[in-house]
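Colleague: Below are the structure tokens for one structure; questions will follow.
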Amino acid sequence: MKKLINITICVFALFSAEIYSQEPAEENFFCCSVYELHKTSAEIITHKKTKTSEVESQVNETSEIINIEANETFRDENKQITILHGDTQITRGSEVIKSQLTNILQLEDRARLSGNVTYSNEGLEVDAPYAEYDTKTSRSDFLAPTYKYPSLDISGKASYAVRLKNKKMFLRNSTYTTCDLIDPDWNLISETTELDFEKGVGRGKNVFITVKGIPVFYTPYMQFSLDEQRKTGFLVPGWRGSWAKGPDVFTPFYWNIAPNMDMLIQPSYIQERGSKIESNFRYLHKEYNGSMYVSYLADDSKYSAATGAPEEDRYKFLLNHKQKINKNLRMNMHYEKVSDSDYYNDFSDGIYDASKSYGFRNIEAIYNHDDWKIYGEFLSYQTYDTTVALINQPYDFLPKIEVSKRWNKDIINYDFWSSFTKWEHDHNTKVDGTRADFQFGIDKTYLMKGLEITPRLKLQHTQYNLDNQSLGYSSNPSKTIPIFSLNSEMIFSKKMSKSDLVHQIKPRLFYLYSEEVNQDAIPIFDTGLSSFSYAQMFRDNSFSGADRNSDANQLSISLSSNFYDLESFRNIFNISIGRIVYFQDRKISIDNQTTDTRTNSNLIAEMEYKPTENISLISTFLYDTHGKEQKTQYNNHTFQYKGKDNNVFNASYRYSKNKTAQGDVSFAWGVGDNLKLLGRWNYDLKNNSNNADSGDDIETLAGLEYESCCWKVRLVQRKFKVGTETYKKDIQFQIMLRGFTDIGTPLGDLISSSIKGYTDKEY
């Protein structure tokens, strides 16, 4: 037996000599150095398995005590070598090392372990066929180890690894993944790796990222996060964009400025355009928060070639700020500016931004106290759509101020609302000036056995002070209009027998009288005719904005019916139908010329059916009973199914007479355990670029999404309309490695905007 033990010691000594001589330096580990022999200050206590209770008490007393357990112990007093055999265990504080055979060299403060070596310390777990442990420094060296950190979902392999007392681990020829270690879907493979568990940072050299064994990315150096802590440093390089636009290769740098402040700086190179830099600064305080985004591309050669103009600098600046000044006062600010009208068309990834006509800049303040509300705003626009003539661009208001308050009293309720706005426009023929609007109202609600009646009287006065007024009109026009309304409604309820359903019927009458006042001298700043809807029947003005007040002598009649589930607290079915009966012609219009002589409005109906939490059907109908040919004025039908596993199906149809006829189908649907199909088809059935009735695509999208436990990949092909005859086409993909990084173009927002109800889960 002694002979066998001596041979084993010699073999292990030769096998580990080269490995153990490699001491990791602070910056360049795995460098060679001479191992210095020294005496240990730690006390080594060995005992057999039968004395575990005694060992535990000793460990708790001091972490400097090294406790050793074994089934058999052999000592060489001359050479000061102890050989432990059979379920050996070394314990030092939170460190636990187990093996089948351990050789302790007291003179070198070293333990050599072999045979199913396992190491655990502060969440880290390592398995290896052979290891060496420094009893003075707590350094551990492992040959061909596998490691894992269960709380962080981290695991990997290496040809060699070193664990230091400062919670750092150094690996050579290693892998790193958040997948199952036996058969990982993705791996980070590096020549050398440093894992700093205290700081939560990993660093690798000569790094390959593989997915299903296929290399998809290489970088000579990479820094990555081991946990969710924010850390300063370079993030994983990658690319975005599309196959149509060409790759946008970027190297992001994250700066953790303070616990409540950070910045992402991202230099990139765009094919055929040049170098671009982006930065996004964010800040968060209990009283305020915001962000500032800057993008700059110098001398865009592709844009110059397309426009025939000299090379231009392209940029975007976006600022958002929200602040709570005190418990009653808050302020918001938004500022957006781009270098040219084609910026969003060239650099956006969505149909909304690509077709964006305006960008706005505003600052607003809101004050609330004791039912008083004061609102102030400065607003201006930047026009992106070059087809919009200057004369048709919106007004700026510099400023707008609104003051309102409502008093609810036992005898009567009354309210006050006022606004002051200064309007400005860049076109030399447009009317500028100021508008002051004052509204004072009183009302009282009477309740009588299910009947609710509310009479209301309002007086509105609007005063203007205008520049560049039309010839023949006053520069100081005004209007004063009394408005009377009477609202009455009843509710009839009945619980259905043998069910939890309650059926409610709500008839409603709303009478409105508004005096006709000539408004020809008043310009149009922000006013338009409101779209007719069910809610619009019960408002006292058919126009939006204060530049026009409709004349009215009319009665709105409606009937609602709904079924309410007491168990699920859900409206199962609701339908409302109504129309307006006019007692006189309406002479007030936007153009001051049109008179509406109809005796009643279109018939409007709204319906919502929700038989389950997953299914909903919403429909709106607008029907002209006086029409001779096409009586349907408007209808909109939307169906949605939203099931488990983020499965979504949408189908809608929208029709507006002489304007729109569009169908829209979208879905995100699982076809297997991990695979999901993505799709959208938004089609204009009536108006294409030639104004024919053959139809035209608005947006098409087709894609795949594969998701496993530790990674997700998306592939999306899109085509969407950005002009009368202009389309953008692209193919984009994204690889998401859980707990590590994303590669490719971020697609979550794009898919969510195209497929209603799709939820982009954090990964």
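Laboratory data are not the source of any read-out in this text; all were calculated from the coordinates shown. All figures in this text were calculated on a predicted structure; none of them were measured in a lab. Every residue, glycine among them, receives a Cβ derived from its backbone with ideal geometry; neighbour counts consider all protein chains shown.
Colleague: Straight-line reach from Lys495: which aspartates and glutamates have a Cα under 16 Å away, not including same-chain ones fewer than 8 places off?
Modeller: Partners found: Asp565, Glu567.
Colleague: Let me ask something else. Would you order Arg508, Arg718 from fewest to most other beta-carbon atoms within 10 Å of each residue's own beta-carbon?
Modeller: Arg508, Arg718
Colleague: Once you keep just the Cα pairs under 8 angstrom separated by 6 or more residues, what percentage relative contact order results for region 643-763?
Modeller: 18 percent
Colleague: A follow-up question, please. Quick one: helix 2-20 against the long Cα principal axis of the chain, what's the angle to the nearest 10°, folded into 0 to 90?
Modeller: 50 degrees
Colleague: Where does region 137-220 land on Rg(C-alpha)/(2.2 N^0.38 Å)?
Modeller: 1.05
Colleague: What spacing in nm lies between the two simple spin-label points modelled at Trp681 and Asp520, each 7 Å away from Cα in the Cβ direction?
Modeller: Rounded to a tenth, the inter-label distance reads 5.4 nm.
Colleague: Follow-up. Could you give the alpha-carbon Rg of region 643-763 over 2.2 N^0.38 Å, rounded to two decimals?
Modeller: Region 643-763 yields a ratio of 1.20.
Colleague: Using the Cα centre of the chain as the reference point, and only Cβ charges (+1 on K/R, -1 on D/E), how large is the resulting charge dipole? Debye, rounded to the nearest 20.
Modeller: Dipole size: approximately 1600 debye.
Colleague: If contacts are Cα pairs under 8 angstrom and at least 6 residues apart, what is the relative contact order of region 294-427 in percent?
Modeller: On the way: 259 pairs, mean separation 20.7, N = 134.
Averaging sequence separation for qualifying contacts and normalising by length gives 15 percent for region 294-427.
Colleague: Still on this structure, I have one more. State, as an integer percentage, the relative contact order of the chain based on alpha-carbon contacts under 8 Å between residues 6 or more apart.
Modeller: 5 percent
Colleague: Provide, as a two-decimal number, the C-alpha radius of gyration of region 471-626 over 2.2 N^0.38 Å, N being how many residues it has.
Modeller: 1.33
Colleague: Moving on to the next point. Subtracting the Cα-Cα distance from 0.36 nm times the residue separation, let me have the gained length for Ala144 to Asp624 in nm, one decimal. Numbers along the way, then the final one.
Modeller: Details: separation 480, 0.36 × 480 = 172.80 nm, distance 8.08 nm.
So the extension gain works out to 164.7 nm.
Colleague: Residue farthest toward the positive end of the dipole of the chain, with Cβ of Lys/Arg at +1 and Asp/Glu at -1: which of His503, Gln554, Leu379?
Modeller: It is His503.
Colleague: Let me ask another. Taking only Cα atoms, what is the 0 to 90° angle, nearest 10, from helix 52-61's long axis to the longest principal axis of the chain?
Modeller: 70 degrees
Colleague: Could I ask something else about it? Would you work out the Kirkwood radius for region 650-690? I mean one over the mean of 1/r across all pairs of different Cα atoms, in Å.
Modeller: 12.0 Å
Colleague: Where q = 0.06, 0.08 Å⁻¹, what log10 of I(q)/I(0) comes from the Debye formula for the chain, counting one point per Cα?
Modeller: Values returned for q = 0.06, 0.08 Å⁻¹ are -0.62, -0.92.
Colleague: Can you tell me which lysines have their Cα less than 30 Å from the Cα of Lys444? Leave out same-chain residues fewer than eight positions away.
Modeller: In chain and number order, the partners are Lys373, Lys405, Lys409, Lys458, Lys479, Lys494, Lys506.
Colleague: Run the helix sum for the chain: -39,500 (n - 2.57) per DSSP H stretch of 4+ residues, divided by residue count, reported at 222 nm to the nearest 500 deg cm²/dmol.
Modeller: Numbers: 6 runs with 52 residues, N = 763.
Roughly -2000 deg cm²/dmol at 222 nm, from the helical runs in the chain.
Colleague: Still on this structure: Mind giving me the nanometre distance, one decimal, between the label points for Trp407 and Met490, set 7 Å out from Cα along Cα→Cβ?
Modeller: 3.5 nm
Colleague: Separate question: Can you flag which of Lys148/Lys205; Lys322/Lys430; Lys316/Lys659 are past 24 Å Cα-Cα? Spell out each step's value before the answer.
Modeller: Values: Lys148/Lys205 20 Å; Lys322/Lys430 34 Å; Lys316/Lys659 34 Å.
Exceeds cut-off: Lys322/Lys430; Lys316/Lys659.
Colleague: If each residue's Cβ is checked for other Cβ atoms within 10 Å, how do Thr193, Thr726, Thr178 rank with the fewest at the top?
Modeller: Values: Thr193 26, Thr726 11, Thr178 21.
The most exposed by this proxy come first: Thr726, Thr178, Thr193.
Colleague: Moving to a separate point now. For region 90-193, compute Rg over Rh where Rg is the Cα radius of gyration and Rh is the Kirkwood radius from the inverse mean 1/r over Cα pairs.
Modeller: My calculation puts Rg/Rh at 0.97.
Colleague: Among 276-283, 699-706, how do they line up from the highest to the lowest mean number of other beta-carbon atoms within 10 Å?
Modeller: Numbers: 276-283: 16.6, 699-706: 18.4.
By packing density, highest mean first, the sequence is 699-706, 276-283.
Colleague: Could you list Trp186, Trp407 so that the one with the fewest beta carbons within 10 Å of its beta carbon is first and the one with the most is last?
Modeller: Ascending Cβ contact count within 10 Å gives the list Trp407, Trp186.
Colleague: How much length, in nm to one decimal, is gained on full extension between Asp565 and Phe538, taken as 0.36 nm per residue of separation minus their Cα-Cα distance?
Modeller: Gain on extension, Asp565 to Phe538, equals 7.0 nm.
Colleague: Spin-label point model (7 Å from Cα, Cβ direction): what's the Lys659 to Asp500 distance in nm?
Modeller: 4.1 nm
Colleague: For every other residue with a beta carbon closer than 14 angstrom to the beta carbon of Ile577, add +1 if it is Lys or Arg and -1 if Asp or Glu, then tell me the sum.
Modeller: Within the 14 Å Cβ shell, the charges total +1.
Colleague: Evaluate the Debye formula for region 564-604 with equal point scatterers sitting on the alpha carbons, no solvent, and hand back log10 of I(q)/I(0) at q = 0.16, 0.28 Å⁻¹, in q order, two decimals.
Modeller: Computed log10 I(q)/I(0) values: -0.59, -0.95.
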